[in-house]
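To start, the structure itself, in structure tokens.
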Amino acid sequence: MSMRTVGIVGTGIYIPETFMTAREISELTNGTWTEDAVIHKLGFTKKPVPGLEDGTQEMGVKAALDCLKRTGIDPLEIDVILCMGEEWKEYPLTTSAIYIQEKIGATNAWGIDIQNRCCTTVTAMKIAKDMLVADENIQTIMICGGYRNGDFVDYSDKNMSMMFNLGAGAGAIILKADYPRNVLLESHIMSDGSMARDAGVEIGGTINPITDKNYKEAYKSLRLLDAEHMKNRLNDVSMKNWMNCIDQAFSKSKVDKKELDYLAVLHFKASMHKHMLELLGLNENQSIYLSEYGHIGQVDQILSLHLAIESGKLHQGSVISMIAAGIGYAWAANVIIWGERSEEIA
């Protein structure tokens, strides 16, 4: 008996209508960053920020509904919802997947929240595939969620420039067992616990709870808790680990890395994006640099795939790799073959 394959049915996206511009960010840095430097070094002209109704869970609902509309999937078909949305949400300790389940009418599903920071979507896709392969009672999984961690950024903190691009939005993607298109092959994920507490929200947990004296600071306390260690360690291992994830994902998938056609990659500074494309032998048309979106956390990979579909970059047999990295620190990559399933894929 051959192993089940897993295909991507489609995607959904929600982007708020409100934006913050490079000029506005420059002004908030008190002159440390010019508008030109934000645009050309950090790599974005503007980024979406949440409107009044754009809670993390609510944005996840909007992306999920968009995905259902685009794919024509009946919400009653969904067996599992894996929410990759962030922990910063409307009400702490509520389960976002179950909220989304109710709001979209997926009453036959069960839901669970998973979290691996900006690696969560690629991680969730591996988990979803493994579930679909292992359990024949599961046929359809929706991965979805919202993100607005940019709320916590203090633009006057010089150490935080790597996170000035944090935006807001949501994404959704549906995976189906034995779906005859857009086959998800293998993934590879790495993590480095030496950086587990190098970055995070400093105030608001059990160690440093919010008080009447620090509450204003608390809501702008996403920080590099050990900036020197994190930056030095990332310089030493990050690109190497990313390339290892890509190599391993392609090796497991039995696909030659030279066949890579499109890289669905998160937003980071422009020079690093260019360097990564060069390392992979890709040109700028084989990826989409999210210069009008910034970094919407784990939504970036879905957004990149979504934009590639809309712009006609993907064709029958296109080889795609989604790659991600998240504070903690984690790296991930997968391999997808776009279009009709080949009989060679077993």
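General remarks:
- Some residue of region 131-145 being closer than 17 Å to A324 by Cβ, of a type outside the set (V, I, T) and assigned to a loop (DSSP other than H, G, I, E, B): no
- So I127, is it in contact (Cβ under 8 Å) with a residue 12 or more places away in the chain, touching a helix residue (DSSP H, G or I) at 6+ places or on another chain (Cβ under 7 Å) and among the hydrophobic types (A, V, I, L, M, F, W, C): no
- Annotation note: Cβ proximity below 6 Å between a residue of region 1-22 that is without any contact (Cβ under 8 Å) to a residue 60 or more places away in the chain and a residue that is surrounded by fewer than 19 Cβ atoms within 10 Å (Cβ to Cβ) and not in a strand (DSSP E or B) (sequence gap 6+ or interchain) occurs for T18/G51; A22/E35; A22/T45.
- Lone unmet requirement of (1) over 22 Å from the mean Cα position of the chain (by Cα); (2) part of a helix (DSSP H, G or I) for N30: (2)
- Residue in region 301-320 that is in contact (Cβ under 8 Å) with a residue 24 or more places away in the chain, in a loop (DSSP other than H, G, I, E, B) and among the β-branched types (V, I, T) present: no
- Among the residues of region 147-189, those identified as aliphatic (A, V, I, L, M) and open to solvent by 50 Å² or more (accessible area, probe 1.4 Å) are M162, I189.
- Check on L266, open to solvent by 60 Å² or more (accessible area, probe 1.4 Å) and at pLDDT 95 or above: no
- Tally of residues being open to solvent by 10 Å² or more (accessible area, probe 1.4 Å) and free of Cβ contacts under 8 Å to residues at least 24 places away in the same chain across region 273-300: 6
- Taken over region 194-210, residues that are free of Cβ contacts under 8 Å to residues at least 24 places away in the same chain and open to solvent by 60 Å² or more (accessible area, probe 1.4 Å) amount to 6.
The values are calculated or read from the model by the stated rules, or taken from the named source; none is laboratory data. The structure presented is a predicted model; accordingly, all values stated were derived computationally and were not measured. Cβ atoms come from the backbone with ideal geometry, glycine included; neighbour counts cover every protein chain shown. Heads up: the accessible areas ignore ligands, DNA and RNA and are worked out on the full protein's heavy atoms, side chains in. Shrake-Rupley method; radii C 1.70, N 1.55, O 1.52, S 1.80 Å.
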